[in-house]
Amino acid sequence: MTKFSDLNLNPKVLKAIEEAGYESPTPIQAGAIPPALEGRDVLGIAQTGTGKTAGFVLPMITMLARGRARARMPRSLVLCPTRELAAQVAENFDTYTKYVNLTKALLIGGVSFKEQDKLIDKGVDVLIATPGRLLDHFERGKLILSDVKVMVVDEADRMLDMGFIPDIEKIFGFTNPLTRQTLFFSATMAPEIERITNTFLSNPFRIEVARQATTGENIKQGVVMFKASRKDREGSEKRKLLRALIDGEGEKCTNAIIFCNRKSDVDIVAKSLKKYGYDAAPIHGDLDQSQRTRTLDGFRAGDLRFLVASDVAARGLDVPAVSHVFNFDVPSHAEDYVHRIGRTGRAGRDGAAIMICVPRDEKNLADIETLVQNEIPRIESPLGSGSPAPEPEAAPEEKKQPSRSRKSSAPKKSEAKPEETAEPETSAPAAQESARKPAPRGKSNGNGNTPVGMGDHLPSFIALSFEERRAG
């Protein structure tokens with residue numbers, strides 16, 4: 001078995017690795033580190049949770065151990081799709097540069113430009129950034145990227161999903177292709193990603209440690225096919241099903257990430273769980289960065305049991321001991337399913353991923369099963385039919401209610417009719433006679449009177465005119 005000591009890393013880096021408790025590299029680390037140290041471009045393809053971050057952090061530290069950064073000219077650049085992933089990469093650098101004197105700056109949104117400018121002006125060895133904030137600094141004249149020796153693009157397929165590819169191409173244009181080494185990592189290789197690598201990587205060493213878009217074998221998966229009793233009850237019944245699924249896992253569910261497709265649902269689900277006594281908090285892109293950081297820190301520390309998240313948290317969050325992932329919604333993009341459930345079963349641990357699928361999401365479910373080349377096992381709903389038993393019975397009664405009320409009003413009209421027709425015919429005006437409901441021709445109308453209007457009797461004014469015509 002390969003050990004970190006076999007990878008020609010800086011002795012000070014090896015010491016930090018040992019103190020962090022790691023002995024053997026993961027396959028992506030063992031495959032990517034040697035060619036990176038040789039100065040080659042690297043294209044790494046591996047599913048999430050396989051240790052890609054250390055796969056580029058460790059060789060970068062070793063290569064940057066010698067040299068000094070100049071003001072506004074970082075020596076290396078790491079691009080990440082989200083603030084959380086960028087902050088996590090920065091934490092990895094802090095861990096592994098414990099005995100190496102390197103400086104870093106983290107450029108992400110939600111933090112003062114002034115504080116970031118101060119760090120850049122001093123000169124940094126490692127610049128970790130999201131594309132948008134990096135371009136903001138560059139366009140303000142605060143950055144010069146022509147001296148970047150090592151450039152890393154992390155979670156490239158997520159960059160594609162979030163629309164960052166034009167920004168990535170622009171940033172590549174600010175660097176020097178003759179002196180730049182590029183390390184490119186992705187979980188999948190969409191055609192657009194393939195185009196980028198062909199354009200900006202020079203004869204890269206390709207390392208692929210798992211079939212594209214595969215899920216970990218140590219993750220037990222399942223999906224509940226759910227149909228609400230009524231469309232307007234889908235949200236509440238779905239949340240009840242989620243609580244039942246959590247309870248059904250019992251003590252095995254030590255903590256969990258619950259994914260929703262929409263930010264509004266993240267807030268609703270988190271609030272609902274808290275209402276029913278579950279320790280839960282939301283995290284999504286609309287929340288303040290300080291709040292997102294506090295929530296993640298609490299989840300990592302074990303102070304928070306349930307993290308309700310949008311896909312902003314689906315990539316790169318390094319929380320080794322997540323026991324469960326619950327997909328409250330089937331992800332719209334099949335690749336996101338792989339990244340979501342990759343938050344559990346990390347570092348060789350067992351994990352569980354349970355999904356709720358409503359009828360309109362069955363096509364998305366089929367796309368996921370096509371991508372991962374496996375059928376996700378169907379599991380029985382802990383609620384039986386998936387909704388409270390009384391609710392389906394109540395719906396038909398409510399529908400019948402209006403027809404009962406109409407029937408109950410009919411007798412009142414029929415009771416009033418004899419009162420109206422009981423008066424002598426001579427005292428009733430013509431309007432009253434025309435208002436009566438006529439009986440069939442030649443038959444009694446039930447009150448002893450001969451039918452009028454369409455019966456055998458002709459009103460006098462018609463009869464007179466007829467006799468006059470005959471006489472004439």
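The values are calculated or read from the model by the stated rules, or taken from the named source; none is laboratory data. Computed from a prediction, not measured in an experiment: that's the story for all the values here. Counting neighbours? That spans all protein chains shown, and the Cβs are built from the backbone with ideal geometry, glycine included. SASA here: full protein model, heavy atoms, side chains in, ligands and nucleic acids out. Shrake-Rupley method; radii C 1.70, N 1.55, O 1.52, S 1.80 Å.
Evaluating Thr62 against the criteria (1) at pLDDT 95 or above; (2) over 20 Å from Leu14 (Cα atoms) leaves one unmet condition, (2). Residues in the stretch 281-331 that are modelled with pLDDT of 90 or more, part of a loop (DSSP other than H, G, I, E, B) and not hydrophobic (A, V, I, L, M, F, W, C) were compared, and the one that is surrounded by the most Cβ atoms within 10 Å (Cβ to Cβ) is Pro331. Checking each residue in the stretch 67-100 for being more than 19 Å from Thr182 (Cα to Cα) and of a type in the set (Lys, Arg) picks out Arg68, Arg70, Arg72, Arg83, Lys98. In the stretch 211-219 there is no residue that is of a type outside the set (Asp, Glu), open to solvent by 30 Å² or more (accessible area, probe 1.4 Å) and at pLDDT 95 or above.
Working only within the stretch 118-127, note down all residues that are open to solvent by less than 20 Å² (accessible area, probe 1.4 Å) and of a type in the set (D, E, K, R). The one that is open to solvent by less than 20 Å² (accessible area, probe 1.4 Å) and of a type in the set (D, E, K, R): Asp125. Under the condition of being within 27 Å of the chain's Cα centre (by Cα) and of a type outside the set (Gly, Ala, Ser), which residue from the stretch 166-186 is farthest from Val152 (Cα to Cα)? Checking each candidate, the answer is Pro166. Under the condition of being touching a residue at least 40 places away in the same chain (Cβ under 8 Å), under 22 Å from Thr82 (Cβ atoms) and loosely packed, with under 12 Cβ neighbours inside 10 Å, the residues counted in the stretch 165-206 number 0.
For every residue, the table says whether it meets (1) open to solvent by 10 Å² or more (accessible area, probe 1.4 Å); (2) closer than 16 Å to Glu335 by Cβ; (3) of a type outside the set (A, V, I, L, M).
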{"site": "Thr130", "(1), (2), (3)": "yes, no, yes"}
{"site": "Arg133", "(1), (2), (3)": "yes, no, yes"}
{"site": "Leu145", "(1), (2), (3)": "no, no, no"}
{"site": "Glu155", "(1), (2), (3)": "no, yes, yes"}
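This table checks each residue for (1) over 21 Å from Ala20 (Cβ atoms); (2) touching a Gly at 6+ places or on another chain (Cβ under 7 Å); (3) modelled with pLDDT of 95 or more.
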position	(1), (2), (3)
Lys52	no, yes, no
Arg70	yes, yes, no
Leu77	yes, no, yes
Ala86	no, no, no
Asp94	no, no, no
Lys98	no, no, no
Gln116	yes, no, no
Gly123	yes, no, no
Leu127	yes, no, yes
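Checking each residue in the stretch 213-235 for being part of a loop (DSSP other than H, G, I, E, B), among the aliphatic types (A, V, I, L, M) and in contact with a Leu (Cβ under 9 Å, 6 or more places away or on another chain) picks out only Ala213.
Taken as a whole, the condition of being more than 28 Å from Phe4 (Cβ to Cβ), among the hydroxyl-bearing types (Ser, Thr, Tyr) and without any contact (Cβ under 8 Å) to a residue 12 or more places away in the chain does not apply to Ser146.
Just one of the listed residues (Lys231, Lys149) is open to solvent by 10 Å² or more (accessible area, probe 1.4 Å), closer than 18 Å to Pro35 by Cβ and out of contact with any His (no Cβ under 6 Å at 6 or more places or on another chain), and it is Lys149. Of all residues in the stretch 343-363, one or more are outside any helix (DSSP H, G or I), open to solvent by 70 Å² or more (accessible area, probe 1.4 Å) and under 25 Å from Asp247 (Cβ atoms). Once the stretch 76-110 is narrowed to residues that are open to solvent by 20 Å² or more (accessible area, probe 1.4 Å), touching a residue at least 24 places away in the same chain (Cβ under 8 Å) and of a type in the set (A, V, I, L, M), the residue that is nearest to Asp297 (Cα to Cα) is Ala87. Checked across the stretch 271-280, the condition of being in contact (Cβ under 8 Å) with a residue 40 or more places away in the chain and surrounded by fewer than 20 Cβ atoms within 10 Å (Cβ to Cβ) holds for no residue. A single entry from Ile45, Ile33, Ile61 fulfils the requirement of being free of Cβ contacts under 8 Å to residues at least 40 places away in the same chain and crowded, with 22+ Cβ neighbours inside 10 Å: Ile33. Would you say Leu160 is modelled with pLDDT under 95 and hydrophobic (A, V, I, L, M, F, W, C)? The answer is yes for Leu160. Among the residues of the stretch 236-268, those identified as outside any helix (DSSP H, G or I) and open to solvent by 70 Å² or more (accessible area, probe 1.4 Å) are Thr254, Arg262.
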